[in-house]
Amino acid sequence: MKALALLALSGVFSLTGCAQNSNIEGAKFPIQSPQSFAVSDASYELSQEIPAEAITLVVEYVDALNFALDTGDVRRFNKSAKSSCTCLKPAVGIKGIYRDSVVIGGRYEITQLKPISISDNQITLQLFLERSNALQLNLDSGVASKIPGVASNATFDIEISQNVWQIASSSL
């Protein structure tokens, strides 16, 4: 059981995500400016700014993930993206862990956000995260397992529908 819970937690902690605003928890470093990219393909026009709503959505996703990891409550996390988004898969692992364990630490921080493509109704972003070390404590046995921190990244597709931005899909 301990090995299964540790394996589930390791899967949860293999996530990635990114954004940046020093006033929002979960954001660490500035967003890379689209103008700083050297893109040879003329089909990529990244001179547009990323809408603030899309950035806020990604930061809220990471905050909801951290809340779920801190508490075991995945309701807010499950509302952070379209229900069909693979980026919500960690909710299953988090619920499983909290059946007989708690997690201490393991907070995600966004380190970088890179636009890949921007159109009027869809934005694709590459998100980079760092997760701090975590400790999983089994409440039945009292056994604590260390989970080392990790850096990771993923691609998120954010779409606008009826003037509302949503995370629609991800590479998670």
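The values are calculated or read from the model by the stated rules, or taken from the named source; none is laboratory data. Treat the numbers as computed from the prediction; the structure is a model and nothing was measured. Note that we place each Cβ from the backbone using ideal geometry, even for glycine, and neighbour counts take in every protein chain shown.
Here are the numbers:
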{"read-out": "Residue that is nearest to residue 56 (Cα to Cα), among those in the stretch 142-168 that are under 12 Å from the mean Cα position of the chain (by Cα) and either among the hydroxyl-bearing types (Ser, Thr, Tyr) or outside any strand (DSSP E or B) (or both)", "value": "155"}
{"read-out": "Given (1) outside any loop (DSSP other than H, G, I, E, B); (2) modelled with pLDDT under 95, index of the condition residue 18 fails", "value": "(1)"}
{"read-out": "So residue 55, is it surrounded by 16 or more Cβ atoms within 10 Å (Cβ to Cβ) and in contact (Cβ under 8 Å) with a residue 60 or more places away in the chain", "value": "no"}
{"read-out": "Candidate set from the stretch 106-123 (those that are over 16 Å from the mean Cα position of the chain (by Cα) and not in a strand (DSSP E or B)); member that is nearest to residue 162 (Cα to Cα)", "value": "121"}
{"read-out": "Boolean, residue 4 is within 29 Å of residue 143 (Cβ to Cβ), loosely packed, with under 14 Cβ neighbours inside 10 Å and at pLDDT below 90", "value": "yes"}
{"read-out": "Candidate set: the stretch 71-105, residues that are of a type in the set (Ser, Thr, Tyr) and part of a helix (DSSP H, G or I); chosen: the one surrounded by the most Cβ atoms within 10 Å (Cβ to Cβ)", "value": "71"}
{"read-out": "Which numbered condition residue 62 fails, given (1) β-branched (Val, Ile, Thr); (2) more than 23 Å from residue 150 (Cα to Cα); (3) surrounded by 18 or more Cβ atoms within 10 Å (Cβ to Cβ)", "value": "(2)"}
{"read-out": "Counted residues, the stretch 153-172 - those being touching an Asp or Glu at 6+ places or on another chain (Cβ under 8 Å) and among the hydroxyl-bearing types (Ser, Thr, Tyr)", "value": "2"}
{"read-out": "Test: residue in the stretch 107-124 that is more than 16 Å from residue 171 (Cα to Cα), touching a residue at least 24 places away in the same chain (Cβ under 8 Å) and aliphatic (A, V, I, L, M)", "value": "yes"}
{"read-out": "Failed item, numbered, when residue 132 is tested on (1) closer than 30 Å to residue 50 by Cα; (2) modelled with pLDDT under 95", "value": "(2)"}
{"read-out": "Among residues of the stretch 124-141, those that are under 20 Å from residue 71 (Cβ atoms) and assigned to a strand (DSSP E or B), counted", "value": "7"}
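Every residue, every condition in (1) over 14 Å from the mean Cα position of the chain (by Cα); (2) modelled with pLDDT under 95; (3) not hydroxyl-bearing (Ser, Thr, Tyr), yes or no:
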{"residue": "37", "(1), (2), (3)": "yes, yes, yes"}
{"residue": "44", "(1), (2), (3)": "yes, yes, no"}
{"residue": "52", "(1), (2), (3)": "yes, yes, yes"}
{"residue": "59", "(1), (2), (3)": "no, yes, yes"}
